[in-house]
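Working notes, beginning with the structure itself.
No value in this document is a laboratory result; all are computed from the given coordinates. Here the structure is a predicted model, which means the values were calculated and not measured. All Cβ positions, glycine included, derive from the backbone under ideal geometry; neighbour counts span all protein chains shown.
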Amino acid sequence: MNSLQDASLSFIGCGVMAEAIIAGLLRRDLVTPAQIMGSHPRLARREELQTKYAIKVVESNAEAATLAAMTASDHFGRNSSIVILAVKPQRLSTIFNELRGQLQQEQLVLSIVAGAKIETIAGELSHPSVVRAMPNTPAQIGQGMTAWTATPQVSEAQFAQVRAMLGALGKEMYVETERMIDMATALSATGPTYIFLVMEALVDAGVHMGFSRHVAQELVLQTMLGSVLFAQESHKHPAELRNMVTSPGGTSAEAIYQMEKGGLRTVLSKAVWAAFQRAVMLGRREKPGD
Ligand SMILES: NC(=O)c1ccc[n+]([C@@H]2O[C@H](COP(=O)([O-])OP(=O)(O)OC[C@H]3O[C@@H](n4cnc5c(N)ncnc54)[C@H](OP(=O)(O)O)[C@@H]3O)[C@@H](O)[C@H]2O)c1
């Protein structure tokens, strides 16, 4: 059974990520356009989304939230409504002011706002059912990795709805604590940055040897994609896969020697740790008005 079939969803701030979720849900037939609504300050953007997806997009954030609750109870016979906070962190305090007192207790608030802690969201909105999710950029093409956690007040039915919703962005993973959200922020949400940097460095190395840039890029991208799929399908440890292609005195052995000598592992580990510390620090600072 589709856990979202009776739900109404309201997106507060319909930017890139909100659109990725909306498009993913509609593409997978998990919801109909009548179940989706949202708010956006710009008329041109509201019209664009209305035309593209046949969904209702209003100017007022409070109206979008109440509309979702009304739609759920009027059309689906029960109050199964999710309000998704999808604005930039710096807009959050405005959103809190506008939504405060407007939410029904039965509604679920799902935030994808980077750095915004559950305690802040629940406190500012005086609302107990909150989910905090941390997607990454490949979510924009349905290949994301989203870690999420929830307050104890979130029901089992709402858990299933969240799984279905975030599944529209790619893979989703429930984690037990907010500390793990900060950890996922460093590993998976910041993750594409590490990959793109390595990708760029390898393409540049190809150009250095004499390949044209587009040839080097094709060689690198397909090698990265194929290696990921191979690792996924083989279920082997990365070291085992690496050992398979490392013949004595060969090219891989030579390359590995240089990467270890240059401290690549340590650099990556330090980068992820620094990103984690930064996520923790930003979370502490991320109080409205700060
Ligand atoms: N993009 C990612 O891959 C990613 C990954 C992890 C987490 N996130 C988080 O997801 C959230 C959304 O990111 P995004 O990439 O979708 O950003 P985005 O494209 O900028 O979307 C936010 C939207 O909110 C609109 N907005 C501005 N002020 C508003 C207001 N007062 N009320 C309602 N809407 C308002 C913006 O309109 P204008 O266009 O007119 O400014 C924009 O369209 C952020 O908090 C981000 O940290 C994003």
### Rg over Rh [alpha-carbon atoms, Kirkwood Rh] for segment 152-273
1.06
### Rh (Kirkwood; distinct C-alpha pairs) - the chain, Å
21.0 Å
### Query
Taking segment 39-132, which trypsin sites (Lys or Arg not before Pro) meet the DSSP loop condition and have no more than 13 other C-beta atoms within 10 Å?
Arg42, Arg78, Arg100
## Note on the structure
Any lysines whose Cα falls less than 26 Å from that of Lys88, other than same-chain ones fewer than 8 residues away, would be Lys52, Lys56, Lys117, Lys171, Lys287
#### Entry: Charged-residue dipole, Cβ positions (Lys, Arg, Asp, Glu), the chain about Cα centre, Debye nearest 20
400 debye
